[in-house]
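Colleague: Please find one structure pasted underneath; my questions will follow.
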Amino acid sequence: MWVNKAYKFRIYPNKEQEIFITKAIGCSRFVFNHFLAKWNDMYKETGKGLSYHLCSAELTQLKKEFVWLKEVDSIALQSALKNLADSYTRFFKKQNQAPRFKSKKNPVQSYTTKYTNGNIAIVGNKIKLPKLGFVKLAKSREVEGRILNATIRRNSSGQYFVSILAETDVQPVEKTGASVGVDVGLKDFAILSTGMVYKNP
């Protein structure tokens, strides 16, 4: 049985990596907000939203218009779009409120990138992340299974963390030997599944 497991570690990027993380967070927020505005306009006009695939195609054009978007991890920008599409899907299913614009003032800022072709890996006390390279990691335990994605976060006090989602195969625990059931009642103290009766004292 395959299950997803999350791991969270503190990371210690150097100054250059900090600048890149800030850019990636900013670009992801820009893409999310840009397409949220378009999605809202479409919803007001038609009662329907856009689609992830339509936005993804438009993102290619957006990168030509705003060339600085090409400086960051392209998967992070796609993830921002996917998050927006997922939020709208849940909204239409009445599972949550409509997505809101992301603000620079939020105490926690983040972006998410997906695993593809070995772009995320833990080697010793460092983690390899797309376009960031190797970042120092405070590894408290081993990551088991196949890495699916990584979310890089910066909190209000300027500390950095990475959350890793991994898929791992868990074998169900089989019962060994015959188990004895116990029925605790009022008349008799207990009746075992074997038929043995213990009288109420």
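Colleague: Hey, rough spin-label estimate for Glu18 and Arg100, points 7 angstrom out along Cα→Cβ, what's it come to in nanometres?
Modeller: Label at Glu18, label at Arg100, 2.9 nm between them.
Colleague: Follow-up. Please list, in chain and number order, the residues 5+ apart from Gly145 or on another chain whose amide H is under 5 Å from its amide H, with Hs placed from the backbone.
Modeller: Amide H neighbours of Gly145, under 5 Å, 5+ apart: none.
Colleague: How large is the direction-averaged shadow of the alpha-carbon convex hull of segment 51-129, in nm²?
Modeller: Mean orientational projected area (segment 51-129, Cα hull): 7.5 nm².
Colleague: Using a simple charge model, +1 on the beta-carbon of Lys and Arg, -1 on the beta-carbon of Asp and Glu, nothing else, what dipole does the chain show about its Cα centre, in debye to the nearest 20?
Modeller: My answer is approximately 720 debye.
Colleague: Okay, next question. Between Leu62 and Ala37, what is 0.36 nm times their sequence separation minus the Cα-Cα distance? Round to one decimal in nm.
Modeller: Between Leu62 and Ala37, full extension yields an extra 7.6 nm.
Colleague: Also, I was wondering about something else. Apply the Karplus parameterisation 6.51 cos²θ - 1.76 cosθ + 1.60, with θ equal to phi minus 60°, to every residue of segment 40-56 and state each ³J(HN,Hα) to the nearest whole Hz, in sequence, with x for glycine and proline.
Modeller: 4, 4, 5, 5, 5, 6, 10, x, 10, x, 8, 10, 4, 5, 5, 5, 4
Colleague: From the phi angles alone, apply the Karplus equation (6.51, -1.76, 1.60; θ = phi - 60°) to segment 146-153 and give each ³J(HN,Hα) in whole Hz, x where the residue is Gly or Pro.
Modeller: 8, 5, 9, 7, 9, 10, 9, 10
Colleague: Ranked highest first by average number of other Cβ atoms within 10 Å, how do 37-44, 150-157 line up?
Modeller: Listed from highest to lowest mean packing, they are 150-157, 37-44.
Colleague: Right, another one. Would you mind counting up the charge near Asp169? Only other residues with Cβ under 14 Å from its Cβ, with Lys and Arg at +1 and Asp and Glu at -1.
Modeller: Its environment carries a net charge of 0.
Colleague: Net charge around Arg153, counting only other residues with Cβ within less than 14 Å of its Cβ (Lys, Arg = +1; Asp, Glu = -1)?
Modeller: +4
Colleague: Just to check, using Stokes-Einstein with a Kirkwood Rh over alpha carbon pairs, what's the diffusion coefficient of the chain at 37 °C and 0.692 mPa s in µm²/s?
Modeller: 161 µm²/s
Colleague: Here is a follow-up. Could you tally the net charge around Tyr52, taking each other residue with its Cβ under 13 Å from the Cβ of Tyr52, Lys/Arg +1 and Asp/Glu -1?
Modeller: Residues near Tyr52 contribute 0 overall.
Colleague: Now for a separate question. Using θ = phi - 60° and the Karplus curve 6.51 cos²θ - 1.76 cosθ + 1.60, what whole-Hz ³J(HN,Hα) does each residue of segment 8-14 get, with Gly and Pro shown as x?
Modeller: Each residue of segment 8-14 in turn: 10, 9, 7, 10, 10, x, 7 Hz.
Colleague: Right, here's the next one. Please report the spacing between the Cα centers of segment 32-76 and segment 1-23 in Å, no decimals.
Modeller: So the two Cα centres are separated by 25 Å.
No value in this document is a laboratory result; all are computed from the given coordinates. Treat the numbers as computed from the prediction; the structure is a model and nothing was measured. Neighbour counts run over all protein chains shown; Cβ positions are idealised from the backbone, glycine included.
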